[in-house]
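K.L.:
Let me begin by handing over the structure; questions about it come next.
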Amino acid sequence: MNLKEQVQQMDAMVAKGAIVDAVKTYFCDQAKTSDYGNTTTSGKDQMVAKMEGFVGSIAKVKEIKHHQTTIGENVSASEFTFNFDMQDGSEILWHEIIRREWNNDGKVINESYFKAN
């Protein structure tokens, strides 16, 4: 597995708005997630369902910007800005770091989200 290639491909999918497809492609079945709002998921299926619901509530993608990524040993951290108009009339503007732990098969086993300012 070439971690750099895996990370670049996943980040490219996210940057294009293919967030659900990125989860389906790169998460292992037992992957866990947590965010700064203390929301967690356990398992790929739960994360896919969460992301499908979220993406379905977006009215307009104003911007998804990938700033940079750093890669260590089986760990990556990607900085993104997400800006969405939602169907309920609200706006989401997130600037965050997505930290991923990868297994030896090139799949995400743990993903955590942190606010970036």
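K.L.:
Going by how many other Cβ atoms sit within 10 Å of their own, how do TRP94, TRP102 line up, fewest first? It would help to have the intermediate numbers written out before the result.
P.N.:
Values: TRP94 15, TRP102 23.
Sorted ascending by nearby Cβ count, the order is TRP94, TRP102.
K.L.:
In the P(r) worked out for region 16-59, what percent of Cα pairs fall beyond 12 Å?
P.N.:
That fraction is 60 percent.
K.L.:
Only helical DSSP H runs with n ≥ 4 go in: add -39500 (n - 2.57) per run for the chain, normalise by residue count and round the 222 nm mean residue ellipticity to 500 deg cm²/dmol. Walk me through the numbers on the way to the answer.
P.N.:
Details: 3 runs with 34 residues, N = 117.
Rounded to the nearest 500, the figure is -9000 deg cm²/dmol.
K.L.:
Compute the distance in nm between two label points, each set 7 Å from the Cα along the Cα-to-Cβ direction, one at MET86 and one at ASN117.
P.N.:
2.2 nm
K.L.:
Taking the Cβ of GLY37 as the centre, find all other residues whose Cβ is under 12 Å away and add up their charges (Lys, Arg: +1; Asp, Glu: -1).
P.N.:
On the way: positive: LYS115; negative: ASP35, GLU96.
Charge balance near GLY37 sits at -1.
K.L.:
Which of the GluC sites (Glu not before Pro) across region 1-73 are loop residues per DSSP, with 12 or fewer other Cβ within 10 Å? Display every interim value, and only then the final one.
P.N.:
Values: sites: GLU5, GLU52, GLU63, GLU73; in loops: GLU73.
Here the sparse-neighbourhood loop sites are GLU73.
K.L.:
Give the separation of the Cα centroids, region 99-113 to region 49-83, in Å.
P.N.:
That distance is 14 Å.
K.L.:
Follow-up question, since we're still on this one. Give a quick list of chymotrypsin sites (Phe, Trp or Tyr not before Pro) in region 1-83 that DSSP marks as loop, anything other than H, G, I, E or B, with at most 13 other Cβ atoms within 10 Å. Mind dumping the intermediate values first?
P.N.:
Values: sites: TYR26, PHE27, TYR36, PHE54, PHE80, PHE82; in loops: TYR36.
Sites meeting the loop and neighbour criteria: TYR36.
K.L.:
Separate question: How about region 38-82: which trypsin sites (Lys or Arg not before Pro) there are in a DSSP loop, with at most 11 other Cβ atoms within 10 Å of their Cβ? Each step should come with its number before you reach the end.
P.N.:
Working: sites: LYS44, LYS50, LYS60, LYS62, LYS65; in loops: none.
Hits after loop and neighbour filter: nothing returned.
Every number in this text was worked out from the coordinates using simple rules, so none of it is lab data. Please read these numbers as outputs of a predicted model, since none were measured by experiment. Every residue, glycine as well, gets a Cβ built from its backbone with ideal geometry; the counts of neighbours run over all protein chains shown.
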